[in-house]
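Here the structure is laid out as structure tokens; the discussion comes afterwards.
The values are calculated or read from the model by the stated rules, or taken from the named source; none is laboratory data. Since we're looking at a predicted model, the values are computed, not measured. For neighbour counting, all protein chains shown are included, and Cβ atoms are generated from backbone atoms with ideal geometry for every residue, glycine included.
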Amino acid sequence: MADIIVALDVADPDAALALVDRIGDAVSFYKVGPTLYTLTGPGLILKLRARRKRVFLDLKFHDIPNTVAQSVAAAASLDIEFLTVHASGGSAMMRAAREAAGSNGPKLLGVTLLTSFTPGDVEEVWGKQLLSLRDDVGRLTSLAAEAGVDGVVTSVLEAESVKRRYGPEFLVVTPGIRPAGDLLGDQARTGTPADAVRAGADYLVIGRPITAAADPAGATARIRDEMASVAEATG
């Protein structure tokens, strides 16, 4: 069944660790993004690992192949489990990243289109008329798969088509998860936990619905119950 990764998208490392301790055994996997990593460097990762937590380092590397390879090699030394690069960096960059991660390093995920992107945003960035966001995600996913990365980060709306094409071994990680009725915030392409499970996502990245809850562990338990009921219903 799909698992939850909690996004520690807060600006205070002490608050982040306090949140992890409040959630306790309800979550074992956490995402560290650019804000916290810029503030703390590897220190926060070491503290999470000391708490026996799995770590997804979400820095979305996007640079020339040599620079990305060096960055991936440095990150791989930190005992992390997942690491991201932008699929739009191209095949050569992703192949360099894959080689740098090594066979025993972190799983490498290609970021397709950010869940904050609308069709208009993509057309503005790439300077072209967009026929389908799903097709564009499919194109970037194809580049990532051919470059040997382990999976992609994409919205719930594209997850099913990716999973159907590339199979169970190719990881699909879905951010932009919002329980029904929650505010979307800065996200544009979202889905509920139930939607993500139905789409075949392997991991759901969830931030504010858990981290901003009065009872983060309780919010996590309710989301897990929703996920489990869908998994049971779909067999």
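Residues in the range 93-106 that are touching a residue at least 12 places away in the same chain (Cβ under 8 Å) and at negative phi: M93, M94, R95, A96, A97, R98, E99, A100, A101, G105, P106. Name the pairs: first residue in the range 75-92 and on the phi > 0 side of the Ramachandran plot and in contact (Cβ under 8 Å) with a residue 40 or more places away in the chain, second residue basic (K, R) and in a helix (DSSP H, G or I), Cβ to Cβ under 7 Å, at least 6 apart or on different chains? Within 7 Å, no pair qualifies. If you filter the range 33-91 down to residues that are part of a helix (DSSP H, G or I) and β-branched (V, I, T), you find that the one that is nearest to R139 (Cα to Cα) is V68. Selection of the range 176-196 for residues being modelled with pLDDT of 85 or more and either part of a loop (DSSP other than H, G, I, E, B) or over 15 Å from the mean Cα position of the chain (by Cα) (or both) yields G176, T192, A194, D195. Among the conditions (1) of a type in the set (S, T, N, Q); (2) within 27 Å of L44 (Cβ to Cβ); (3) within 17 Å of the chain's Cα centre (by Cα), T141 misses just one, which is (2). Number of residues in the range 97-130 that are modelled with pLDDT under 90, outside any helix (DSSP H, G or I) and surrounded by 11 or more Cβ atoms within 10 Å (Cβ to Cβ): the value is 7.
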